[in-house]
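One structure is given below, encoded as structure tokens.
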Amino acid sequence: MPYQSVKSILEEFQENCLLLARHGETDWNARGLIQGQQNRPLSELGYRQRKVLFFRLRSVPLARIFTSGLDRAIQTALPLNAELGLAQEILPALNEAKLGVFEGESKTEFADELSARLYAEFLEDEVNVVLPGGGENLRQLDARIQEPLKLILESLQSGHVLVVSHRNVNKMLIKNLLGLSFEEGQCVEHKNHWLYIFVPGAQEIFLISLDDATGPLVIRPGYERVTVAPPAAGPSRLERGS
């Protein structure tokens, strides 16, 4: 059943919920470049996505808004901070995974066969493979988000909470919230215009695609998956990289 607002969806759950947003698209997202912890600005589309998120959430009685320490997440949340009179709560431990020497490189075109092979191996096993130059795998990322996750969950006692973070960070947050394995967590997808709602009492998660600021909203139970192994029967391969 379509809903007219995120607020009306939350009212049906009758408990404080955690809203997980990804930052708006950046200039490097638009160009297909590997981003990691490089501090890139929002693209024109990213600013439009920010505007949609703002209008969809401005009526939600949020108690707190947490972001990573990277500008793309901070800027995505900033209009809501201002409208709702909520302080910016920046948690650097929610910064995107470090991707080493590949940050700033193309996701599809590589300087040599070695680079192409290293990145392909990483995409096939982001849980364990570490890219050279100080990269992080999902196990390392998962370890550093544990403390902020505790704070976020404790904050639900005061009301609905919004977290604006990054694709790989949100994968690991959802992994922990739902008790998924690393392999399942690696397959969680989160596009820039999607909003996840976690209902703690029911231990359930729901997905909304925020395509515009005013139209009806369709809520889907569960999370979207992206395949990471060579294609087989099942869902098609979706977006790669961070």
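The values are calculated or read from the model by the stated rules, or taken from the named source; none is laboratory data. If you're wondering where the values come from, they're calculated on a predicted model, not measured in any experiment. In this analysis, Cβ positions are derived from the backbone assuming ideal geometry, glycine residues included, and neighbour counts consider all displayed protein chains.
Annotations for the structure displayed:
- Residue, nearest to Ser68 (Cα to Cα), within the stretch 1-30, restricted to residues that are part of a helix (DSSP H, G or I) and without any contact (Cβ under 8 Å) to a residue 24 or more places away in the chain: Asp27
- For the residues Phe66, Phe54, the requirement of being in a helix (DSSP H, G or I) and either at pLDDT below 95 or surrounded by 16 or more Cβ atoms within 10 Å (Cβ to Cβ) (or both) singles out Phe54.
- Among residues of the stretch 86-120 being under 24 Å from the mean Cα position of the chain (by Cα) and among the hydroxyl-bearing types (Ser, Thr, Tyr), the one that is farthest from Glu136 (Cα to Cα) is Thr108.
- Qualifying residue in the stretch 5-28 (condition: out of contact with any strand residue (DSSP E or B) (no Cβ under 9 Å at 6 or more places or on another chain), of a type in the set (A, V, I, L, M, F, W, C) and over 23 Å from Ser155 (Cβ atoms)): yes
- Whichever residue in the stretch 214-223 is in contact (Cβ under 8 Å) with a residue 60 or more places away in the chain and surrounded by 13 or more Cβ atoms within 10 Å (Cβ to Cβ) and, among such residues, is farthest from Val188 (Cα to Cα): Leu217
- Criterion: touching a residue at least 40 places away in the same chain (Cβ under 8 Å), surrounded by 22 or more Cβ atoms within 10 Å (Cβ to Cβ), under 17 Å from Glu224 (Cβ atoms) and of a type outside the set (D, E, K, R) - qualifying residue of Leu210, Leu173: Leu173
- Across the stretch 41-51, the number of residues qualifying as buried (at least 22 other Cβ atoms within 10 Å of the Cβ) and not small (Gly, Ala, Ser) comes to 3.
- Yes/no for Gly104 being in contact with a helix residue (DSSP H, G or I) (Cβ under 8 Å, 6 or more places away or on another chain), within 20 Å of Gly36 (Cα to Cα), of a type in the set (Gly, Ala, Ser) and without any contact (Cβ under 8 Å) to a residue 60 or more places away in the chain: no
- Selection count where residues are part of a helix (DSSP H, G or I) and in contact with a helix residue (DSSP H, G or I) (Cβ under 7 Å, 6 or more places away or on another chain), scope the stretch 84-101: 2
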